[in-house]
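The values are calculated or read from the model by the stated rules, or taken from the named source; none is laboratory data. These figures come from a predicted structure and were not determined experimentally. Here the Cβ positions follow ideal geometry from the backbone for every residue, glycine too, while neighbour counts run over all protein chains shown.
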Amino acid sequence: MSTEQLTGTTVHMPALGESIDEGTITRWLKQPGEPVTAEEPLLEVATDKVDTEIPSPVTGVLQRILVAENDVVAVGAELAIIVDPATGPVDTPPAPTAVPRQEPAPGGTVVEKLPRIRRTIAKRMVESLQVAAQLTSVVEVDVTAIARLRAAHKDAFYERTGVKLSFLPFFAKAAMSALAQHRVLNASLDPDVTEVTYYEHCHLGMAVDSERGLMVPVIRDAHRMSIEQLARAIADKAEKVRTGTISPDELAGGTFTLTNTGSRGALFDTPIINQPQTGILGTGAVVERLVPARHDGALRIDVRSMAYLSLSYDHRIVDGADAARFLTAMKTELENGFTAAGLP
(Lines give C-alpha, C1' and ligand atoms only; values in the text may rest on other atoms or scores of the structure.)
Protein backbone atom coordinates (compact mmCIF):
# COMPACT_ATOMS: atom_id res chain seq x y z
CA MET A 1 0.00 0.00 0.00
CA SER A 2 1.51 3.37 -1.00
CA THR A 3 1.72 6.39 1.27
CA GLU A 4 -0.90 8.16 -0.86
CA GLN A 5 -3.40 5.33 -0.24
CA LEU A 6 -3.03 5.43 3.52
CA THR A 7 -5.76 7.16 5.50
CA GLY A 8 -5.43 8.32 9.06
CA THR A 9 -3.40 10.83 11.03
CA THR A 10 0.04 11.78 9.80
CA VAL A 11 2.62 12.33 12.54
CA HIS A 12 4.96 15.21 11.72
CA MET A 13 8.30 16.21 13.20
CA PRO A 14 7.33 18.94 15.70
CA ALA A 15 9.18 22.17 16.40
CA LEU A 16 11.98 21.21 18.78
CA GLY A 17 13.05 24.60 20.06
CA GLU A 18 14.50 27.89 18.94
CA SER A 19 17.06 27.64 16.10
CA ILE A 20 16.55 23.85 15.72
CA ASP A 21 15.41 22.88 12.22
CA GLU A 22 16.14 19.13 12.11
CA GLY A 23 16.59 16.05 14.26
CA THR A 24 17.87 12.48 14.06
CA ILE A 25 15.47 9.57 14.57
CA THR A 26 17.24 7.53 17.22
CA ARG A 27 14.62 4.91 18.15
CA TRP A 28 11.06 3.92 17.35
CA LEU A 29 9.22 2.98 20.55
CA LYS A 30 6.29 1.43 18.65
CA GLN A 31 6.22 -0.85 15.62
CA PRO A 32 3.62 -1.07 12.82
CA GLY A 33 0.50 -2.89 13.95
CA GLU A 34 0.91 -1.90 17.60
CA PRO A 35 -1.73 0.20 19.39
CA VAL A 36 -0.79 3.65 20.66
CA THR A 37 -2.65 6.15 22.83
CA ALA A 38 -2.65 9.92 22.55
CA GLU A 39 0.38 11.52 24.25
CA GLU A 40 2.11 8.14 24.57
CA PRO A 41 5.80 8.31 23.48
CA LEU A 42 6.05 7.13 19.89
CA LEU A 43 9.73 7.67 19.01
CA GLU A 44 12.93 9.28 20.24
CA VAL A 45 14.64 12.14 18.43
CA ALA A 46 18.10 13.64 19.00
CA THR A 47 19.11 17.21 18.18
CA ASP A 48 22.21 19.27 18.73
CA LYS A 49 20.80 20.36 22.08
CA VAL A 50 18.69 17.56 23.52
CA ASP A 51 17.33 14.05 23.13
CA THR A 52 13.56 14.00 23.42
CA GLU A 53 10.53 11.76 22.99
CA ILE A 54 7.86 12.57 20.40
CA PRO A 55 4.35 11.64 21.60
CA SER A 56 1.52 10.28 19.46
CA PRO A 57 -1.02 13.00 18.59
CA VAL A 58 -3.95 10.54 18.60
CA THR A 59 -5.11 7.15 19.83
CA GLY A 60 -5.08 4.37 17.26
CA VAL A 61 -2.81 1.82 15.63
CA LEU A 62 0.58 2.63 14.11
CA GLN A 63 -0.04 1.90 10.43
CA ARG A 64 3.26 2.80 8.79
CA ILE A 65 6.69 4.17 9.73
CA LEU A 66 7.88 6.60 7.05
CA VAL A 67 11.44 7.30 8.23
CA ALA A 68 14.07 4.92 9.53
CA GLU A 69 16.18 5.07 12.64
CA ASN A 70 19.31 7.24 12.18
CA ASP A 71 17.61 9.29 9.45
CA VAL A 72 17.99 13.07 9.77
CA VAL A 73 14.66 14.78 9.09
CA ALA A 74 13.52 18.39 9.01
CA VAL A 75 10.93 19.97 11.29
CA GLY A 76 7.54 19.38 9.70
CA ALA A 77 8.55 16.18 7.88
CA GLU A 78 6.16 13.21 7.83
CA LEU A 79 7.20 10.51 10.31
CA ALA A 80 4.39 7.97 10.51
CA ILE A 81 0.71 7.19 9.87
CA ILE A 82 -1.68 6.31 12.71
CA VAL A 83 -5.15 4.93 11.87
CA ASP A 84 -8.33 4.30 13.80
CA PRO A 85 -9.02 0.55 13.37
CA ALA A 86 -12.75 1.24 13.72
CA THR A 87 -12.86 3.34 10.54
CA GLY A 88 -10.32 1.68 8.27
CA PRO A 89 -8.13 -1.38 7.74
CA VAL A 90 -4.84 -1.73 9.47
CA ASP A 91 -2.06 -2.56 7.01
CA THR A 92 0.32 -4.56 9.17
CA PRO A 93 3.60 -5.34 7.38
CA PRO A 94 5.25 -8.71 7.95
CA ALA A 95 7.51 -8.94 10.94
CA PRO A 96 11.16 -8.35 10.06
CA THR A 97 13.44 -11.34 9.99
CA ALA A 98 15.32 -11.61 13.24
CA VAL A 99 19.04 -11.02 12.96
CA PRO A 100 21.17 -12.94 15.45
CA ARG A 101 22.89 -10.64 17.87
CA GLN A 102 26.65 -10.50 17.49
CA GLU A 103 28.16 -10.77 20.92
CA PRO A 104 31.54 -9.05 21.45
CA ALA A 105 32.50 -9.81 25.73
CA PRO A 106 36.08 -11.12 26.19
CA GLY A 107 38.98 -8.83 25.30
CA GLY A 108 37.56 -8.04 21.87
CA THR A 109 37.56 -4.61 20.24
CA VAL A 110 34.18 -2.88 20.03
CA VAL A 111 33.45 -0.01 17.64
CA GLU A 112 30.39 2.10 18.35
CA LYS A 113 28.98 5.12 16.56
CA LEU A 114 29.01 8.19 18.78
CA PRO A 115 25.52 9.43 19.72
CA ARG A 116 24.61 12.78 18.18
CA ILE A 117 24.66 14.55 21.54
CA ARG A 118 28.20 13.31 22.26
CA ARG A 119 29.36 14.49 18.84
CA THR A 120 27.80 17.89 19.53
CA ILE A 121 29.51 18.14 22.93
CA ALA A 122 32.85 17.25 21.38
CA LYS A 123 32.45 19.84 18.64
CA ARG A 124 31.45 22.62 21.01
CA MET A 125 34.21 21.93 23.51
CA VAL A 126 36.87 22.11 20.80
CA GLU A 127 35.30 25.25 19.33
CA SER A 128 35.26 26.90 22.75
CA LEU A 129 38.96 26.29 23.26
CA GLN A 130 39.72 27.57 19.76
CA VAL A 131 37.64 30.74 20.13
CA ALA A 132 38.50 31.99 23.62
CA ALA A 133 41.71 32.60 25.53
CA GLN A 134 40.82 30.43 28.52
CA LEU A 135 42.47 30.55 31.91
CA THR A 136 41.52 29.04 35.27
CA SER A 137 41.94 30.42 38.80
CA VAL A 138 41.35 28.39 41.96
CA VAL A 139 40.65 29.30 45.60
CA GLU A 140 40.14 27.15 48.68
CA VAL A 141 37.07 27.83 50.81
CA ASP A 142 36.22 26.86 54.38
CA VAL A 143 32.58 25.75 54.28
CA THR A 144 32.43 24.43 57.84
CA ALA A 145 29.68 26.89 58.82
CA ILE A 146 27.57 25.82 55.84
CA ALA A 147 28.21 22.15 56.61
CA ARG A 148 26.89 22.68 60.15
CA LEU A 149 23.92 24.71 58.88
CA ARG A 150 23.10 22.04 56.34
CA ALA A 151 23.39 19.23 58.88
CA ALA A 152 21.02 21.04 61.22
CA HIS A 153 18.35 21.69 58.60
CA LYS A 154 18.58 19.02 55.88
CA ASP A 155 16.06 16.61 57.42
CA ALA A 156 13.39 19.26 57.98
CA PHE A 157 14.16 20.76 54.58
CA TYR A 158 13.64 17.43 52.84
CA GLU A 159 10.46 16.71 54.80
CA ARG A 160 9.01 20.07 53.77
CA THR A 161 10.20 20.28 50.16
CA GLY A 162 10.95 16.74 49.04
CA VAL A 163 14.38 17.98 47.90
CA LYS A 164 17.74 17.06 49.39
CA LEU A 165 19.69 20.05 50.71
CA SER A 166 23.15 19.74 49.17
CA PHE A 167 26.02 22.22 49.13
CA LEU A 168 25.21 23.16 45.53
CA PRO A 169 22.46 25.77 46.15
CA PHE A 170 24.78 27.53 48.62
CA PHE A 171 27.51 27.68 45.98
CA ALA A 172 24.99 28.90 43.41
CA LYS A 173 23.67 31.59 45.76
CA ALA A 174 27.18 32.83 46.52
CA ALA A 175 27.94 32.94 42.79
CA MET A 176 24.81 35.01 42.14
CA SER A 177 25.85 37.46 44.85
CA ALA A 178 29.37 37.76 43.47
CA LEU A 179 28.15 38.20 39.88
CA ALA A 180 26.14 41.24 40.92
CA GLN A 181 29.44 42.91 41.86
CA HIS A 182 31.51 41.52 38.97
CA ARG A 183 29.37 41.85 35.85
CA VAL A 184 32.22 41.06 33.47
CA LEU A 185 31.67 37.38 34.33
CA ASN A 186 27.95 37.60 33.58
CA ALA A 187 28.50 38.77 30.04
CA SER A 188 29.18 37.67 26.46
CA LEU A 189 31.47 38.78 23.66
CA ASP A 190 30.34 39.14 20.05
CA PRO A 191 32.13 36.95 17.47
CA ASP A 192 34.21 39.87 16.19
CA VAL A 193 35.33 40.81 19.73
CA THR A 194 34.13 44.37 19.19
CA GLU A 195 31.25 44.46 21.68
CA VAL A 196 30.51 43.01 25.11
CA THR A 197 27.02 42.54 26.51
CA TYR A 198 26.60 42.84 30.28
CA TYR A 199 23.42 41.18 31.54
CA GLU A 200 21.17 42.61 34.23
CA HIS A 201 19.75 39.16 34.89
CA CYS A 202 21.55 35.89 35.49
CA HIS A 203 20.23 32.80 33.78
CA LEU A 204 22.31 30.10 35.47
CA GLY A 205 23.36 27.07 33.45
CA MET A 206 23.76 23.91 35.55
CA ALA A 207 25.87 21.13 34.04
CA VAL A 208 24.07 17.82 34.58
CA ASP A 209 25.53 14.38 33.89
CA SER A 210 23.19 11.81 32.35
CA GLU A 211 23.32 8.51 30.45
CA ARG A 212 22.78 10.45 27.23
CA GLY A 213 25.66 12.84 27.88
CA LEU A 214 26.30 16.17 29.55
CA MET A 215 23.52 18.73 29.32
CA VAL A 216 23.29 22.26 30.69
CA PRO A 217 19.71 23.23 31.59
CA VAL A 218 19.19 26.88 32.47
CA ILE A 219 17.63 28.30 35.64
CA ARG A 220 16.01 31.59 34.66
CA ASP A 221 16.55 34.63 36.88
CA ALA A 222 18.61 32.66 39.37
CA HIS A 223 19.86 35.92 40.91
CA ARG A 224 16.40 36.47 42.40
CA MET A 225 16.16 33.06 44.07
CA SER A 226 16.58 32.02 47.70
CA ILE A 227 18.51 28.94 48.81
CA GLU A 228 15.28 26.95 48.85
CA GLN A 229 14.22 28.13 45.40
CA LEU A 230 17.64 27.31 43.97
CA ALA A 231 17.58 23.84 45.57
CA ARG A 232 14.15 23.16 44.06
CA ALA A 233 15.15 24.48 40.62
CA ILE A 234 18.42 22.48 40.55
CA ALA A 235 16.60 19.27 41.51
CA ASP A 236 13.87 19.89 38.94
CA LYS A 237 16.26 20.52 36.04
CA ALA A 238 18.45 17.54 36.95
CA GLU A 239 15.43 15.23 37.09
CA LYS A 240 14.21 16.42 33.69
CA VAL A 241 17.62 15.82 32.13
CA ARG A 242 17.96 12.33 33.58
CA THR A 243 14.43 11.28 32.59
CA GLY A 244 14.72 12.75 29.10
CA THR A 245 11.87 15.25 29.61
CA ILE A 246 13.94 18.45 29.39
CA SER A 247 12.80 20.71 26.54
CA PRO A 248 15.21 22.41 24.10
CA ASP A 249 14.12 25.86 25.30
CA GLU A 250 15.24 24.94 28.84
CA LEU A 251 18.77 24.40 27.51
CA ALA A 252 19.16 27.84 25.91
CA GLY A 253 19.86 31.37 27.08
CA GLY A 254 22.33 30.83 29.92
CA THR A 255 24.59 33.75 30.91
CA PHE A 256 26.87 31.94 33.42
CA THR A 257 27.45 28.26 34.10
CA LEU A 258 28.14 26.18 37.21
CA THR A 259 29.49 22.62 37.05
CA ASN A 260 29.60 20.49 40.18
CA THR A 261 32.55 18.19 39.53
CA GLY A 262 32.72 17.48 43.24
CA SER A 263 29.60 15.32 42.96
CA ARG A 264 31.87 12.56 41.64
CA GLY A 265 34.65 13.19 44.14
CA ALA A 266 36.93 15.49 42.10
CA LEU A 267 38.72 18.12 44.16
CA PHE A 268 38.75 20.60 41.28
CA ASP A 269 39.13 20.79 37.53
CA THR A 270 39.54 23.33 34.75
CA PRO A 271 36.08 23.54 33.15
CA ILE A 272 35.66 24.73 29.55
CA ILE A 273 33.61 27.87 28.94
CA ASN A 274 30.12 27.46 27.55
CA GLN A 275 30.27 29.91 24.63
CA PRO A 276 29.54 32.80 24.32
CA GLN A 277 29.67 33.19 28.10
CA THR A 278 32.76 34.68 29.74
CA GLY A 279 32.99 32.39 32.76
CA ILE A 280 32.19 28.96 34.22
CA LEU A 281 32.51 27.97 37.87
CA GLY A 282 33.56 24.50 39.01
CA THR A 283 32.75 23.40 42.56
CA GLY A 284 34.88 20.63 44.03
CA ALA A 285 34.14 17.96 46.60
CA VAL A 286 33.68 19.07 50.19
CA VAL A 287 36.20 17.17 52.31
CA GLU A 288 37.16 17.28 55.98
CA ARG A 289 40.80 18.13 56.57
CA LEU A 290 43.10 19.25 59.35
CA VAL A 291 43.61 22.96 58.79
CA PRO A 292 45.94 25.27 60.76
CA ALA A 293 44.45 28.62 61.80
CA ARG A 294 45.27 31.38 64.28
CA HIS A 295 42.82 32.22 67.04
CA ASP A 296 43.69 35.21 69.21
CA GLY A 297 47.26 34.96 68.00
CA ALA A 298 47.62 31.28 68.86
CA LEU A 299 48.09 28.66 66.15
CA ARG A 300 45.56 25.85 66.34
CA ILE A 301 44.78 22.88 64.10
CA ASP A 302 41.10 22.11 63.58
CA VAL A 303 39.07 19.69 61.48
CA ARG A 304 37.36 21.84 58.85
CA SER A 305 35.12 21.21 55.84
CA MET A 306 37.03 22.50 52.83
CA ALA A 307 36.32 22.86 49.11
CA TYR A 308 38.01 24.27 46.02
CA LEU A 309 36.32 26.67 43.63
CA SER A 310 37.76 26.86 40.12
CA LEU A 311 36.80 29.63 37.72
CA SER A 312 37.60 29.34 34.03
CA TYR A 313 37.25 32.66 32.24
CA ASP A 314 37.75 34.30 28.88
CA HIS A 315 41.02 36.19 29.20
CA ARG A 316 40.12 38.34 26.20
CA ILE A 317 37.72 40.31 28.43
CA VAL A 318 38.33 39.03 31.98
CA ASP A 319 41.66 39.73 33.68
CA GLY A 320 43.22 37.55 36.34
CA ALA A 321 42.53 40.25 38.92
CA ASP A 322 38.83 40.22 37.95
CA ALA A 323 38.69 36.46 38.44
CA ALA A 324 40.48 36.69 41.78
CA ARG A 325 38.10 39.37 43.02
CA PHE A 326 35.09 37.30 42.00
CA LEU A 327 36.38 34.18 43.75
CA THR A 328 37.29 36.17 46.86
CA ALA A 329 33.78 37.62 46.98
CA MET A 330 32.38 34.09 46.78
CA LYS A 331 34.79 32.89 49.46
CA THR A 332 33.74 35.71 51.82
CA GLU A 333 30.05 34.99 51.23
CA LEU A 334 30.44 31.25 51.81
CA GLU A 335 32.58 31.60 54.94
CA ASN A 336 30.70 34.47 56.58
CA GLY A 337 27.47 35.37 54.83
CA PHE A 338 25.05 32.49 55.28
CA THR A 339 22.59 32.04 58.14
CA ALA A 340 19.50 29.91 58.64
CA ALA A 341 17.38 32.56 56.93
CA GLY A 342 15.18 31.00 54.29
CA LEU A 343 15.54 27.48 55.72
CA PRO A 344 12.92 25.69 57.83
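Checking each residue in the stretch 2-16 for being at pLDDT below 75 and either of a type in the set (Phe, Trp, Tyr) or surrounded by 11 or more Cβ atoms within 10 Å (Cβ to Cβ) (or both) picks out 6, 7.
For the stretch 317-339, taking the residues that are within 23 Å of residue 197 (Cβ to Cβ) and without any contact (Cβ under 8 Å) to a residue 24 or more places away in the chain, the one that is surrounded by the fewest Cβ atoms within 10 Å (Cβ to Cβ) is identified as 321.
Do the conditions hold for residue 131, that is, is it at pLDDT 75 or above and either assigned by TED's automatic domain parsing to the domain that holds residue 248 or aliphatic (A, V, I, L, M) (or both)? Answer is yes for this residue.
How about the stretch 33-52: which of its residues are out of contact with any Lys or Arg (no Cβ under 7 Å at 6 or more places or on another chain) and of a type outside the set (S, T, N, Q)? Outline the logic, then answer.
Start the filter on the stretch 33-52 by keeping residues that are out of contact with any Lys or Arg (no Cβ under 7 Å at 6 or more places or on another chain), which leaves 33-35, 37-41, 45, 47-50, 52.
Within the stretch 33-52, 33, 34, 35, 38, 39, 40, 41, 45, 48, 49, 50 meet the criteria.
Here's the yes/no breakdown for (1) at pLDDT below 95; (2) farther than 16 Å from residue 170 by Cβ:
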residue: 270; (1), (2): no, yes
residue: 279; (1), (2): no, yes
residue: 293; (1), (2): yes, yes
residue: 297; (1), (2): yes, yes
residue: 319; (1), (2): no, yes
residue: 323; (1), (2): no, yes
residue: 328; (1), (2): no, yes
residue: 331; (1), (2): no, no
residue: 339; (1), (2): yes, no
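Residue-level check: of (1) closer than 29 Å to residue 16 by Cβ; (2) touching a helix residue (DSSP H, G or I) at 6+ places or on another chain (Cβ under 7 Å); (3) not acidic (Asp, Glu), residue 229 misses just (2). Could you go through the stretch 156-170 and let me know if any residue there is over 21 Å from residue 277 (Cα atoms), assigned by TED's automatic domain parsing to the domain that holds residue 252, of a type in the set (Val, Ile, Thr) and under 23 Å from the mean Cα position of the chain (by Cα). Looking through the stretch 156-170, at least one residue is over 21 Å from residue 277 (Cα atoms), assigned by TED's automatic domain parsing to the domain that holds residue 252, of a type in the set (Val, Ile, Thr) and under 23 Å from the mean Cα position of the chain (by Cα). Residue 278 meets all of the listed conditions (1) free of Cβ contacts under 8 Å to residues at least 60 places away in the same chain; (2) among the polar types (S, T, N, Q); (3) touching a helix residue (DSSP H, G or I) at 6+ places or on another chain (Cβ under 8 Å) but one, namely (1).
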